[in-house]
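**Q** Let me begin by handing over the structure; questions about it come next.
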Amino acid sequence: MAPVSRLGGRALAALLPDLRTLPGPVYGALADGITALVLDGRVATETRLPSERELAVALRVSRATVTAAYDALRADDFLTSRTGSGSFVSVPAASRVRPSLARWTTAGSDAPDVIDLSCAALPAPPGVIEAAVASAATRVSQFTRHDGYDPSGLPALRAAVAARFRARGVPTDADQILITNGALHGFDLLLRLLIGSGDRVLTELPTYPGALDAIRGNSGRVVPVPMAAAGGWQVELVQATLRQTAPRLAFLTPDFHNPTGALLDESGRRDILRTARETGTTVVVDESFVDLGFCPGARASAAIDPSVISLGSLSKPVWGGLRIGWLRASTDLVHRLAALRASIDMGGAVLDQLVAADLFGRLDEITAARVAGLRPQRDALLAALARELPQWRVTVPQGGLSLWAELDAPLSTPLTLLATQAGVVVVPGSRFGIDGTLERFLRLPFSLPAERLDEAVRRLAGVWIRLGHSGISTRQLVVA
Ligand SMILES: Cc1ncc(COP(=O)(O)O)c(C=O)c1O
């Protein structure tokens, strides 16, 4: 199998701690350091490591030291060497954490004392859906005279979505919009149409687990690019990975990334989009959280490069239960996707789309209220973490609905398992990556009132102390 991406000697050296300050032989510290980078998702699995000689020069150690470290990694199955093509990092089966794909269902997750932080999603704003349904009901009879099938979506809703893109500086006609059952549905349709078995799809690492499942479900091969340790994109690494792997698609969430809440600035967007054009990669941006920013947003990706395919949704700003999303692409691609969709579900529900069209008229007002409510919740969660778990490292999210905490030990799954006993439902970091890595991280949504978040962190801090006495077995998780 061809390498997914390469890491040079200097790049790897920059990721490692100063080996001479660590106890024990240098080769052992080097092997441990590389193992930690792989398990923490800082170096993606299948990355080709530099040659022994190149790494020895970069680290200013003897070649024998690197040889011994690589031998130790091979012995533990963290490195696979293929004659003529180099050495590739991997994760041995025994070290992989495998959260399953199904929703974690437990009788009692609605119990008053259970704090459910498994989803980065909000309940609907009070009364808003009810009012939109009442308004839609008065208009539905215009449609019941016809057959009601339209796989592209209700014209009035397509027009409203197109107008919103234009307001963000992205010239868009209504026939460039496909209405979908949420952003994930749009991504799945794209994957069905645009990738073949084994095609590469670049993603951020961590990323939204539903996207990873959709890629794998369509027989794609995930090419993960680690986000920076301090948060945000490593733009040059994204560009290098695009060049090295020429993926068919890139799935990015530059507008308040799930789970980190980071925002990619305009120059980063330009650089990535330019390189993607060079490598023939189609870029899909998921804008599910674009309206939930605590700072001014960046220029829309499709305004920088009109060939970008944008996914959007009412799930995060309004309510996931609506199941209304959209996709902006070329008119031709929208036609092809609509034809594909007609063979799957014939189109979306007219009544739901009428409700959505009504909500579009109030979307700015709704999202402004959302952000105003979310900001104190985010701040309350940050304050609780600083007080109860100061040893965890947290980057302040610029938007979205969650933060990404770096724990002081790679024990995210045991933590989440024990946390259920304490009445807190959270999803381990490994669910946001592949091959069981990212166990040092935990996604924490700030989607609940401040006092519930405060209590959740208090309970998590108690569990963190008790960790180590757990006898809980695997359970199932779904993540939004
Ligand atoms: C980045 C991202 N995309 C899509 C979704 C799913 O959105 P929808 O309900 O619109 O399908 C989520 C849910 O968490 C998400 O975080």
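**Q** So the check is Cβ under 7 Å with 6+ separation or different chains; which pairs have a first residue in the stretch 137-151 that's at negative phi and hydroxyl-bearing (Ser, Thr, Tyr) and a second one that's open to solvent by less than 60 Å² (accessible area, probe 1.4 Å) and in a loop (DSSP other than H, G, I, E, B)?
**A** Short answer, once both residue conditions are applied: TYR149/GLY347.
**Q** Using beta carbons and a limit of 7 Å, which pairs, at least six apart or on different chains, have the first residue in the stretch 306-321 and in contact (Cβ under 8 Å) with a residue 60 or more places away in the chain and the second one part of a strand (DSSP E or B) and within 9 Å of the ligand (Cβ to nearest atom)?
**A** From the stretch 306-321, the pairs are LEU311/ASP286; LEU311/GLY325; GLY312/GLY325; SER313/GLY325; SER315/GLY325.
One line per residue, one yes/no per condition, for (1) modelled with pLDDT of 95 or more; (2) surrounded by 17 or more Cβ atoms within 10 Å (Cβ to Cβ); (3) of a type in the set (Ser, Thr, Tyr):
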site	(1), (2), (3)
SER118	no, yes, yes
PRO123	yes, no, no
GLU130	yes, no, no
SER135	yes, no, yes
ARG145	no, no, no
SER152	yes, yes, yes
PRO155	yes, no, no
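**Q** Step by step: first the residues of the stretch 222-234, then only those that are open to solvent by 30 Å² or more (accessible area, probe 1.4 Å) and touching a residue at least 24 places away in the same chain (Cβ under 8 Å), then the one that is nearest to the ligand (Cβ to nearest atom). Which residue is that?
**A** Here the residue is TRP233.
**Q** Report whether or not ASP332 is within 16 Å of the ligand (Cβ to nearest atom), of a type in the set (Asp, Glu) and either under 28 Å from GLY400 (Cβ atoms) or assigned by TED's automatic domain parsing to the domain that holds LEU252 (or both).
**A** Details: within 16 Å of the ligand (Cβ to nearest atom): no; of a type in the set (Asp, Glu): yes; either under 28 Å from GLY400 (Cβ atoms) or assigned by TED's automatic domain parsing to the domain that holds LEU252 (or both): yes.
Considered against the rule, which asks whether it is within 16 Å of the ligand (Cβ to nearest atom), of a type in the set (Asp, Glu) and either under 28 Å from GLY400 (Cβ atoms) or assigned by TED's automatic domain parsing to the domain that holds LEU252 (or both), ASP332 comes out as no.
**Q** Still on this structure, please answer the following. Could you tell me which of the residues GLY169, GLY186 is within 16 Å of the ligand (Cβ to nearest atom) and under 27 Å from GLY261 (Cβ atoms)?
**A** When all the criteria are applied, what remains is GLY186.
**Q** So, one more: Can you say whether GLY325 is within 21 Å of the chain's Cα centre (by Cα) and at pLDDT below 95, as far as the supplied structure shows?
**A** On the way: within 21 Å of the chain's Cα centre (by Cα): yes; at pLDDT below 95: no.
No, not satisfied.
**Q** Cβ-Cβ distance below 9 Å, separation of 6 or more or different chains: which pairs start in the stretch 236-263 with a residue that is in the same structural domain as ARG440 (by TED's automatic domain parsing) and end on one that is surrounded by 24 or more Cβ atoms within 10 Å (Cβ to Cβ) and acidic (Asp, Glu)?
**A** none
**Q** Still on this structure, I have one more. Exactly one condition in (1) at pLDDT below 95; (2) open to solvent by less than 40 Å² (accessible area, probe 1.4 Å); (3) within 16 Å of the ligand (Cβ to nearest atom); (4) among the small types (Gly, Ala, Ser) is not met by SER288; state its number.
**A** Condition (1) is where SER288 drops out.
**Q** If only one of ALA137, ALA167, ALA214, ALA160 is within 25 Å of LEU444 (Cβ to Cβ) and in the same structural domain as LEU359 (by TED's automatic domain parsing), which one is it?
**A** Sole residue among the options that is within 25 Å of LEU444 (Cβ to Cβ) and in the same structural domain as LEU359 (by TED's automatic domain parsing): ALA214.
**Q** Separate question: Would you confirm whether or not the stretch 192-200 contains a residue that is away from the ligand (no atom under 16 Å from the Cβ), buried (at least 20 other Cβ atoms within 10 Å of the Cβ), touching a residue at least 60 places away in the same chain (Cβ under 8 Å) and not assigned by TED's automatic domain parsing to the domain that holds PRO445?
**A** Yes, the stretch 192-200 has at least one match.
**Q** Keeping to the stretch 383-432, report how many residues are within 16 Å of the ligand (Cβ to nearest atom), part of a loop (DSSP other than H, G, I, E, B) and open to solvent by 10 Å² or more (accessible area, probe 1.4 Å).
**A** Qualifying residue count for the region: 1.
The values are calculated or read from the model by the stated rules, or taken from the named source; none is laboratory data. Since the structure is predicted, the reported quantities are computational estimates derived from the model, not experimental observations. Positions of Cβ are backbone-derived with ideal geometry, glycine not excepted, and every protein chain shown enters the neighbour counts. Areas reflect the complete protein model, heavy atoms only, side chains present, ligands, DNA and RNA absent. Shrake-Rupley method; radii C 1.70, N 1.55, O 1.52, S 1.80 Å.
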